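Let me begin by presenting the structure, written as structure tokens, before commenting on it.
Every number here is computed from the coordinates shown, using simple stated rules; none is lab data. Just so we're clear, the structure is a prediction, and the values are computed from it rather than from any experiment. Cβ atoms come from the backbone with ideal geometry, glycine included; neighbour counts cover every protein chain shown.
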Amino acid sequence: MTKNRESAHREERAGAPASGASQGLRLGLMGGTFDPIHLGHLLIGETALEELMLDQVVFMPSGFSYLKEGRIAAGREERYRMTQLAVEGNPHFSASRMEIDRPGRTYTAQTLRELHEQNPADQWFLLMGADSFLYLDHWVEPETICALSELVCAVRGDDDRERLLEKKEFLKEQFGAVCHILTLGRIDISSSDIRKRLEEGRSVRYLLRDGVLRYIRETGMYTGGKTAEEKEM
């Protein structure tokens, strides 16, 4: 049977043998509060997909992030639903509930351990922005993160590339990290700016996917000026 073009391309990207023998996948993991998820997040995923020849990029909204305590506006289910709507229509993107369904604080090292337990043969690539990459050695269990994934830093036009390359060498020496630097050019989109625009009644068109924007308007989640914790009280 002749394989369709999409499946043949995926096998070529993953280095899969022609016999179809079982082997692990190359998977990108992009976590974040996604409050809300925007086109900048999706662009990072698509760039990593192509440049690193990934099979899939998993977008995973965080549950209770210790790094952003008290600064999350939308609830867990709202952020997961927005993530679902953002990845809709792309067969190489998916949304995961793993962290929002986990009680207590969210730690990337714990997530990677669980993912490896589920499918030990899979190879994970942890996608992040420059700010997270520069701070990664201060995260919980950076040695575990570097052992269970390759790090992928998305560089914008205004990021300090020399500083990022120095951090890349530091993480390699300290934790044996394998790091990739992706150059995206300048992306002036941030979740905090989108929330501010929505609160002020300004346009956010072309910053979000249409389905995400419709959901935000239907729920009115960013018009009250309260954090997710305050809404649940």
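Determine the dipole magnitude for region 24-232: charges of +1 sit on the beta-carbon of Lys and Arg, -1 on that of Asp and Glu, nothing else is charged, the reference point is the Cα centre, and the result goes in debye to the nearest 20.
660 debye
Can you tell which of 86, 212, 38 lies farthest toward the positive end of the dipole of region 24-232, using +1 and -1 charges on the Cβ of basic and acidic side chains (Lys, Arg; Asp, Glu)?
Most positive-ward Cα: 212.
Each residue of region 177-190 in turn: what ³J(HN,Hα) in whole Hz from Karplus with 6.51, -1.76, 1.60 and θ = phi - 60°, glycine and Pro shown as x?
Once θ is set to phi - 60°, the couplings for region 177-190 become 5, 9, 10, 10, 10, 9, 9, 10, x, 7, 10, 9, 10, 9 Hz.
So who's got an amide H within less than 5 Å of the one on residue 93, skipping anything under 5 residues away but keeping other chains? H placed 1.01 Å off N, in plane.
57
With +1 on each Lys and Arg Cβ and -1 on each Asp and Glu Cβ, how big is the dipole of region 24-116 about its Cα centre, in debye rounded to the nearest 20?
360 debye
Which order do the peptides 37-45, 207-215 take when ranked by the mean count of other beta-carbon atoms within 10 Å per residue, highest first? Display every interim value, and only then the final one.
On the way: 37-45: 21.3, 207-215: 18.3.
For the peptides 37-45, 207-215, the packing ranking is 37-45, 207-215.
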